[in-house]
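Okay, structure first, notes after.
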Amino acid sequence: MNAYRDLRVALLGCGSVGAQVARLILENGDELAARIGANLVLDGIAVRSLDAERDVPLPRELFTTDAERLVQGADIVIELMGGIEPARSLILLALGGGADVVTANKALIAAHGRELSDAADQVGAQLLYEASVAAAIPILRPLRESLAGDHITRVMGIVNGSTNYILDRMDRFGESAEDAMKLASDLGFLEADPTLDVEGFDAAQKATILASIAFHTEVPESAVYREGITAVTLEQITAARHAGFVIKLLAVAERLAASDGTDGVSVRVYPALIPREHPLAAVHEGKNAVFVEAEAAGELMFYGAGAGGNETASAVLGDLVSAARRHVVGGPGIPGSTHAEFPVLPVGEVLTAYQVMLEVRDEPGVLARVAGILAAHGVSAASVEQNTSEEGRATLVIGTHTAREADLAATVDALRADDAVAEVVSVLRREGRA
């Protein structure tokens, strides 16, 4: 018998993740109680429809459409509804009543994380959201706690499994973007609205959360520079492979100094070239991985399943156990660390390198003309590869040395404006050291 009273748990939402969370609470009750020191009682599951089909058979008497009543009687609320409203209002209601909250809602945390954290701090409650980024991979708690005494300089990761699956199919099997995307959709990797994945919105929300925790700074989603993968072609994938790179959709957050010396944070999402020797290059199919660089700890990588009902439920249950233990031990929830409030710098301040593919006139002097444009903008070429194509044109693939993004972008604009350049076929940034 446990000396502590039973803890009442309210579950909001019963989709693929919510159903697995409910199943695990019911099936593993004794084991969870032994870890916590108190029994967890699943008080109810709030759903929109009592008659909808569920992924897991669950006792019908647990279901209710009265989410507010359920929240008001709970010690711990698990929010797995998704979206902004009514999730935000219900979480604020729970926190206002002193309940701890566990959520996997990346969109909500990205948009209202500071508001919800402040509401939790005011009453000494706990807001936990490990499952909002990279599902089963423990990354937020290591950033918040294990590395709290270190100086994190950079967080870079593959945080959207759907786009990684598509790019991986293109790279390893030579599939077109259209074929790879169709297969991803057929397998259920893509969101109902695929633009959330392929245009980088999902990754941008996760980048916001990672940056806010790693750098103790509020990062609004609107400040994240974002590009998706819809412009990535099989030709680019092939050229990258030939040059020793793989293309991945990356979420990057780093500390850097702006051109005027101001210390700030850069947060961005875009498809980028990664050296094939880099650990992130070996992340295949729908897996996620986050690469962290810190002054004392050095380089760390967290790898695993970034989606899935069972996988996400694992992270939710971890937060649930943590919240429940706080009730047993006593004391207020642990607030977020003091906000450093670094400015979020525009993408033009980033130091990076480009790979630029050009279609140019195949005639003497063009290569020197292109080199002159680079030099005029303070950009130097690290590599140049030329292939003759049909109709008097040649393809140039230029790899640059590291320069400031604004200078590189101006260089590309100048190349587009030059009549020797028929087309700027593609521009990709290069990230990561081998």
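The values are calculated or read from the model by the stated rules, or taken from the named source; none is laboratory data. In this text, all values refer to a predicted model and were calculated from it rather than measured experimentally. Note that we place each Cβ from the backbone using ideal geometry, even for glycine, and neighbour counts take in every protein chain shown. Note: accessible area is taken over every heavy atom of the protein model, side chains too, but ligands, DNA and RNA are not part of it. Shrake-Rupley method; radii C 1.70, N 1.55, O 1.52, S 1.80 Å.
Which residues, counting only those in region 164-176, are on the phi > 0 side of the Ramachandran plot and open to solvent by less than 40 Å² (accessible area, probe 1.4 Å)?
Just the residues of region 164-176 that are on the phi > 0 side of the Ramachandran plot, to begin with: 174.
The answer is none; no residue qualifies.
Condition first: within 30 Å of Val424 (Cα to Cα) and not hydrophobic (A, V, I, L, M, F, W, C). Now tell me which residues in region 332-362 satisfy that. So that I can check it myself, show each step before the final result.
As a first pass, look at region 332-362 and keep what is within 30 Å of Val424 (Cα to Cα): 344-362.
Result: Pro346, Gly348, Glu349, Thr352, Tyr354, Gln355, Glu359, Arg361, Asp362.
So if I check each of Gly161, Gly149, Gly157, which one is surrounded by 24 or more Cβ atoms within 10 Å (Cβ to Cβ), under 18 Å from Glu299 (Cα atoms) and either in contact with a Gly (Cβ under 6 Å, 6 or more places away or on another chain) or not aliphatic (A, V, I, L, M) (or both)?
Values: Gly161 fails: under 18 Å from Glu299 (Cα atoms); Gly149 fails: surrounded by 24 or more Cβ atoms within 10 Å (Cβ to Cβ).
One residue alone meets the criteria, Gly157.
Given the options Glu299, Glu285, Glu311, name the one that is farther than 20 Å from Arg141 by Cα and either open to solvent by 70 Å² or more (accessible area, probe 1.4 Å) or part of a helix (DSSP H, G or I) (or both).
Just a single option satisfies the conditions, and that option is Glu285.
Could you please give the count of residues in region 314-336 that are in contact with a helix residue (DSSP H, G or I) (Cβ under 7 Å, 6 or more places away or on another chain), assigned to a loop (DSSP other than H, G, I, E, B) and open to solvent by 30 Å² or more (accessible area, probe 1.4 Å)? Reasoning before the result, please.
Our first condition is that a residue be in contact with a helix residue (DSSP H, G or I) (Cβ under 7 Å, 6 or more places away or on another chain); within region 314-336, this holds for 315-319, 321, 324-325, 328, 333, 335-336.
Now drop any that are not assigned to a loop (DSSP other than H, G, I, E, B), which leaves 333, 335-336.
The next check asks that each one be open to solvent by 30 Å² or more (accessible area, probe 1.4 Å); those that pass are 335-336.
Total meeting the criteria: 2.
Does region 401-412 include one or more residues that are in a helix (DSSP H, G or I), open to solvent by 20 Å² or more (accessible area, probe 1.4 Å), closer than 22 Å to Val269 by Cβ and of a type outside the set (A, V, I, L, M)?
Yes, some residue in region 401-412 is in a helix (DSSP H, G or I), open to solvent by 20 Å² or more (accessible area, probe 1.4 Å), closer than 22 Å to Val269 by Cβ and of a type outside the set (A, V, I, L, M).
I need the full set of residues from region 240-273 which are open to solvent by 20 Å² or more (accessible area, probe 1.4 Å) and among the hydrophobic types (A, V, I, L, M, F, W, C), in order please.
Across region 240-273, the qualifying residues are Ala243, Phe245, Leu256, Ala257.
Answer yes or no: is there a residue in region 425-434 that is closer than 30 Å to Tyr129 by Cα and either touching a residue at least 24 places away in the same chain (Cβ under 8 Å) or open to solvent by 10 Å² or more (accessible area, probe 1.4 Å) (or both).
Taking region 425-434 as the starting set, the residues that turn out to be closer than 30 Å to Tyr129 by Cα are 431-432.
Right, trim to either touching a residue at least 24 places away in the same chain (Cβ under 8 Å) or open to solvent by 10 Å² or more (accessible area, probe 1.4 Å) (or both) and you get 431-432.
The answer is yes, given that some residue of region 425-434 is closer than 30 Å to Tyr129 by Cα and either touching a residue at least 24 places away in the same chain (Cβ under 8 Å) or open to solvent by 10 Å² or more (accessible area, probe 1.4 Å) (or both).
Any chance you could count how many residues in region 47-87 are surrounded by fewer than 21 Cβ atoms within 10 Å (Cβ to Cβ) and either among the polar types (S, T, N, Q) or under 23 Å from the mean Cα position of the chain (by Cα) (or both)? Full working, then the answer.
First, the residues of region 47-87 that are surrounded by fewer than 21 Cβ atoms within 10 Å (Cβ to Cβ): 48-66, 68-69, 72-73, 82-86.
Pick out the ones that are also either among the polar types (S, T, N, Q) or under 23 Å from the mean Cα position of the chain (by Cα) (or both) and you get 49, 64-65, 72, 82-85.
Qualifying residue count for the region: 8.
What do you reckon, is Thr352 open to solvent by less than 50 Å² (accessible area, probe 1.4 Å), in contact (Cβ under 8 Å) with a residue 12 or more places away in the chain and not in a strand (DSSP E or B)? Let's see the steps before the verdict.
Numbers: open to solvent by less than 50 Å² (accessible area, probe 1.4 Å): yes; in contact (Cβ under 8 Å) with a residue 12 or more places away in the chain: yes; not in a strand (DSSP E or B): no.
Judged against the criteria, Thr352 is not a match.
Going by what's in this entry, would Asp179 be described as more than 19 Å from the chain's Cα centre (by Cα) and at negative phi?
Numbers: more than 19 Å from the chain's Cα centre (by Cα): yes; at negative phi: yes.
Taking the combined requirement at face value, the residue satisfies it.
Name the residues in region 380-400 that are outside any strand (DSSP E or B) and open to solvent by less than 80 Å² (accessible area, probe 1.4 Å), would you? First the steps, then the outcome.
Start the filter on region 380-400 by keeping residues that are outside any strand (DSSP E or B), which leaves 380, 389-392.
Answer for region 380-400, where residues must be outside any strand (DSSP E or B) and open to solvent by less than 80 Å² (accessible area, probe 1.4 Å): Ser380, Ser389, Gly392.
Give me the helices (runs of 4 or more DSSP H) completely within region 180-254, filtered to those with at least 2 residues that are closer than 24 Å to Ala353 by Cα, among the aliphatic types (A, V, I, L, M) and at pLDDT 95 or above, ordered by residue number. Working first, answer last.
Values: elements: 195-198, 201-214, 234-242.
Helices (runs of 4 or more DSSP H) meeting the threshold: 201-214.
Quick test of your reading of the structure: Tyr225 fulfils all but one of (1) under 20 Å from Ala177 (Cα atoms); (2) in contact (Cβ under 8 Å) with a residue 40 or more places away in the chain. Name the failing condition by number.
For Tyr225, the failing item is (1).
Which of the residues that make up region 177-191 are open to solvent by 40 Å² or more (accessible area, probe 1.4 Å), without any contact (Cβ under 8 Å) to a residue 60 or more places away in the chain and of a type in the set (A, V, I, L, M, F, W, C)? Before the answer, list the steps.
First, the residues of region 177-191 that are open to solvent by 40 Å² or more (accessible area, probe 1.4 Å): 178-179, 181-183, 185-189, 191.
Subsequent filtering for residues that are without any contact (Cβ under 8 Å) to a residue 60 or more places away in the chain retains 178-179, 181-183, 185-188, 191.
Across region 177-191, the qualifying residues are Met181, Leu183, Leu187.
Restricting the first residue to region 20-42 and requiring it to be surrounded by 15 or more Cβ atoms within 10 Å (Cβ to Cβ), which pairs with a second residue that is in a helix (DSSP H, G or I) and of a type in the set (D, E, K, R) meet a Cβ separation below 7 Å and a spacing of at least six or different chains?
Hits for this filter: Ile36/Arg325.
Looking at region 192-217, which of its residues are surrounded by fewer than 21 Cβ atoms within 10 Å (Cβ to Cβ) and either touching a His at 6+ places or on another chain (Cβ under 8 Å) or among the basic types (Lys, Arg) (or both)?
Selection gives His216, Thr217.
Could you please find all residues in region 13-46 being over 16 Å from Gly309 (Cβ atoms) and among the aliphatic types (A, V, I, L, M)? So that I can check it myself, show each step before the final result.
Of the residues in region 13-46, the ones over 16 Å from Gly309 (Cβ atoms) are 29-44, 46.
Within region 13-46, Leu32, Ala33, Ala34, Ile36, Ala38, Leu40, Val41, Leu42, Ala46 qualify.
Being more than 30 Å from Gly264 (Cα to Cα) and either touching a strand residue (DSSP E or B) at 6+ places or on another chain (Cβ under 9 Å) or of a type in the set (Asp, Glu) (or both) is the filter here, so list the residues in region 348-372 that pass it. Step through it out loud before you land on a result.
We begin by selecting, within region 348-372, every residue more than 30 Å from Gly264 (Cα to Cα); these are 357-372.
Selection gives Met357, Leu358, Glu359, Val360, Arg361, Asp362, Glu363, Val366, Leu367, Arg369, Val370, Ala371.
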